[in-house]
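Read through the structure below, which is laid out as structure tokens, and then see the notes.
Just so it is clear, none of the values below were taken in a lab; they were calculated from the coordinates. Keep in mind the model is a prediction, meaning the values are calculated, not measured. Ideal geometry is used to build each Cβ from the backbone, glycine not excepted, and the neighbour counts take in all protein chains shown.
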Amino acid sequence: MNLKYQGRKIPLWERLCQVTWGWYSTSMATGGVAVLLYETPHQFTGLETIGKIVYIFNLVLFLSISICLAVRFLTIPSALKGSFQQPNETHFVGTCPLAFATIIIGADSYGTSACGPWLQVALRVVFWIYVAISIIEAIFHNWYLYHHGMASRQPLALARLLPSFPAMLSGTIASALASKQPPGQALPMIIGGITLQGFGFLMFIFIYGEYFYRLNKRGLPKPAERPEMFIAVGPWSFTALALIGLANAAVEKFPSQYIISSADSTSDATVTVTTGDIALVIATLVGIFLWTMALFCLCIAIISMLALCKLFGGVGAPGMSLPYWSMVFPNTGFVIATIRIGQVLQCEAVLWVASAMTILQVAIWLIAAVATIWAVWTRRMLWPQDAQREEGDKQC
């Protein structure tokens, strides 16, 4: 299949070669929406089926992106190395394990009721493999970026969060899986989850300092970069929902005197408050103030995008591009964090707000999906940048 562009033919494989690591952000968003539909507090008949369809579609999407990248790297042997050398692409390598993380959580959500106990064993094995990969990604990819001075060539500080994001999301995965694991397996999963969640969050704190410094000193990012401001919502949100989820699992899986028994191991007094209870109270209070910071970052990002609209005197929003998908995945974490807080506080008003936010989030995902399909169809995405060069100069 060939497509014409200003007098010369563009083969389909050359369009496929335009797929970069950043395209996994579409799978991240789709998988996140599938999980969100499962978590929505006010369900209706058929919603779970819709969620399963979205989840299966995400599996196909993830596989398709992987095949396209394989075509690119096999067709142009230097493309794999080059993808790590380009500052605007190498920072988005982490979107691949992030997209796979949504697949793991979705499998636990939709597969538990349909599969036997083997699924939980398989998910436990996959979880620890994911933990190992995310740690390697965090250490060596960050070192690589430091070694080659990539930070100075990446204009938006928030993009440098992504190499550490998969490690942080290990805590989110653990919060989803631990409650269905045997106590002996759940305990190390919870401890491992809180360890990596803390590591990722602290890494983000360092970068947040630079992000807010730049906002104060230089003002808002360029219009094309403003959708990526929504990345700032993610770490606060996912840390809040992970802490509450892990604490909920701890209530069920931790021994009653776990940790606190070391304070006075000789005491025979009856313990009326368990370790899990203490963890849940602390996690909820911490989660609430983290949620507040996520809300602040969300509002700043929304107002910054609205300021571009001509209706508000702006120059107009830029055309569809991959950064727009940053408006989906982090915000999905914010909505799920709201659900977790509403559940633990037993506040129906918060849960109804979360349900309304779910509708808005699904609408944003659909708009981004339709806009992406239209941009690809009209040759504004996945189109060779060198299409106007001479035939002998063409490259992926």
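Computed from backbone phi with θ = phi - 60° and the Karplus coefficients 6.51, -1.76 and 1.60, the 3J(HN,Hα) list for the range 32-45 is x, 5, 4, 5, 4, 4, 6, 7, 3, x, 9, 8, 9, 4 Hz; x is used for glycine and proline. With a cut-off of 17 Å on the backbone N, the residues of the range 22-61 near the modelled label site 7 Å out from Ala70 along Cα-Cβ are 24, 59-61. Under 5 Å between amide hydrogens, built in the peptide plane, is the criterion, and for Ile10 it picks out Leu3, Lys4, Tyr5 among residues at least 5 positions away or on other chains. Helix 329-345 and the long axis of the chain differ in direction by around 20°, with both axes built from C-alpha atoms. Pairs of Cα atoms nearer than 8 Å and 6+ residues apart set the relative contact order; for the chain it is 20 percent. Ordering 191-198, 297-304, 323-330 by mean Cβ neighbour count within 10 Å, with the highest value first, yields 323-330, 191-198, 297-304.
Report note on the peptides 359-366, 311-318: ranked by the mean count of other C-beta atoms within 10 Å, highest first, their order is 359-366, 311-318.
Computed from Cα positions, the angle between helix 183-218 and the longest principal axis of the chain comes to roughly 50 degrees.
3J(HN,Hα) couplings calculated from phi for the range 284-300 with the Karplus curve 6.51 cos²θ - 1.76 cosθ + 1.60 (θ = phi - 60°) are, in sequence order, 5, 5, 5, x, 5, 6, 5, 4, 5, 5, 4, 4, 4, 5, 5, 5, 4 Hz; Gly and Pro show x.
With the Cα gyration tensor of the range 45-95 giving a ≥ b ≥ c as the square roots of its eigenvalues, does the rule (a/c under 1.5 for rounded; else a/b larger than b/c for prolate; else oblate) give rounded, prolate or oblate? Oblate is the answer for the range 45-95, as a/c is 1.5 or above yet b/c matches or exceeds a/b. Segment Gln85..Ile260, full-extension length gain: 58.1 nm, with 0.36 nm per residue of separation and the alpha-carbon distance subtracted. Applying the Kirkwood pairwise sum to the alpha-carbon positions of the range 4-105 produces a hydrodynamic radius of 15.2 angstrom. Among 101-110, 373-382, sorting by the average number of other beta carbon atoms lying within 10 angstrom of each residue, highest first, gives 101-110, 373-382.
3J(HN,Hα) along the range 53-70, derived from phi through the Karplus expression 6.51 cos²θ - 1.76 cosθ + 1.60 where θ = phi - 60°, amounts to 5, 4, 5, 5, 4, 5, 4, 5, 5, 4, 5, 5, 4, 5, 5, 4, 5, 5 Hz, with x in place of Gly and Pro. In the chain, the DSSP-assigned H stretches of four residues or longer account for a calculated mean residue ellipticity at 222 nm of -21500 deg cm²/dmol, using -39500 (n - 2.57) per stretch and the full residue count as denominator.
The Cα atoms of the range 47-188 give a gyration tensor whose axes a ≥ b ≥ c have a/c of 1.5 or more with a/b greater than b/c, which makes the shape prolate. For the chain, the longest principal axis of the Cα atoms and the long axis of helix 95-111 meet at an angle of about 50 degrees.
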